[in-house]
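Notes follow once the structure below has been shown.
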Amino acid sequence: MPIEITDPTDPRLTDYVSLTDVVLRRRHEPERGLYIAESQKVIRRALRAGHRPRSYLMARRWLDDLSDIVADAEAEGVPVYFGEHDVIERLTGFHLHRGALAAMQRPALPSVESLIADARRVIVLEDVVDHTNVGAIFRSAAALGVDAVLITPRCADPLYRRSIRVSMGTVFQVPWTRIDPWPEGLGLLHEAGLTVAAMALSDDSVSLDDLESEPPERLALVVGTEGDGLSHRTVADADLTLRIPMAGGVDSLNVAAASAVAMWALRPRGRH
């Protein structure tokens with residue numbers, strides 16, 4: 001049966017403590033193999049993707065709205081905690097306006113080789129450190145026919161709450177893994193037969209207009225960190241450098257916007 005909580009210091013709820021403390025999340029979640037799913041939609045998408053819950057925490061009214069999930073949790077021995085909004089806010093450090101949280105076990109990540117073996121479209125995020133941008137890129141990837149997302153060691157975690165929330169749960173939909181070491185790992189893309197296009201401003205860059213007219217059959221698009229863009233070595237080791245033609249004296253776009261434009265232009269034709 002669901003367990004009512006009245007004490008925000010209840011030791012059974014340590015998974016949910018101080019979720020607004022970024023430093024604590026970075027130290028805690030990877031070590032314990034957890035991430036936090038927030039909102040009914042995100043929780044349901046995580047469950048459909050086969051992710052396993054450790055526990056749930058929700059406001060009282062959501063016991064009815066999530067009655068099927070509560071029933072499944074009871075059958076599987078997963079604790080469901082509920083309480084008043086003020087108690088939950090004191091526990092987590094923020095107002096739970098989306099109603100429910102779940103502490104989820106992190107799934108084992110697949111190998112790079114298995115993920116890209118048959119992929120026609122791959123996007124690589126090199127050191128993209130903003131969680132909002134990571135979430136937005138995943139959402140575009142899901143919508144625009146990308147088969148796999150690879151993230152470099154210093155890239156923000158797709159399973160942080162903000163990344164998940166911005167992606168609308170599509171981080172559970174698009175297969176992804178970490179490519180490490182990087183940029184040495186770029187060789188794996190070549191070995192798999194992918195054409196590697198680095199998005200960067202350079203004198204020899206190819207216009208997206210030109211590549212769109214006859215895109216490679218299998219393509220890996222590499223986008224770089226906010227501000228600095230891609231490393232010189234990544235650009236040098238890529239098969240080509242790609243730029244988006246722009247007007248108005250603007251030389252570049254936000255990485256999430258730029259990647260969405262490129263993914264749309266280079267999407268595999270005939271795929272919905």
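ALA119 passes all but one of (1) part of a loop (DSSP other than H, G, I, E, B); (2) at pLDDT 95 or above; (3) closer than 19 Å to ARG45 by Cβ; which number fails?
(3)
Quickly run through the stretch 215-234 and pick out the residues that are more than 15 Å from LEU194 (Cα to Cα) and either among the hydrophobic types (A, V, I, L, M, F, W, C) or open to solvent by 20 Å² or more (accessible area, probe 1.4 Å) (or both).
Of everything in the stretch 215-234, those that are more than 15 Å from LEU194 (Cα to Cα) and either among the hydrophobic types (A, V, I, L, M, F, W, C) or open to solvent by 20 Å² or more (accessible area, probe 1.4 Å) (or both) turn out to be VAL223, THR225, GLU226, GLY227, ASP228, GLY229, LEU230, SER231, HIS232, ARG233.
From the set of residues in the stretch 143-170 that are farther than 21 Å from GLU113 by Cβ and hydrophobic (A, V, I, L, M, F, W, C), which is surrounded by the fewest Cβ atoms within 10 Å (Cβ to Cβ)?
The extreme case among them is ALA143.
Based on what the data block shows, is ASP210 more than 24 Å from the chain's Cα centre (by Cα), open to solvent by 10 Å² or more (accessible area, probe 1.4 Å) and at pLDDT 95 or above?
no
Exactly one of (1) modelled with pLDDT under 95; (2) in contact with a helix residue (DSSP H, G or I) (Cβ under 7 Å, 6 or more places away or on another chain) is unmet by ALA220. Its number?
Result: ALA220 fails condition (1) only.
The values are calculated or read from the model by the stated rules, or taken from the named source; none is laboratory data. A quick note: this is a predicted structure, and the numbers were derived from the prediction, not measured. Using ideal geometry, Cβ is built from the backbone for each residue, glycine included, and neighbour counts are taken over all protein chains shown. The accessibility values were calculated without ligands, DNA or RNA, using every heavy atom of the protein model including side chains. Shrake-Rupley method; radii C 1.70, N 1.55, O 1.52, S 1.80 Å.
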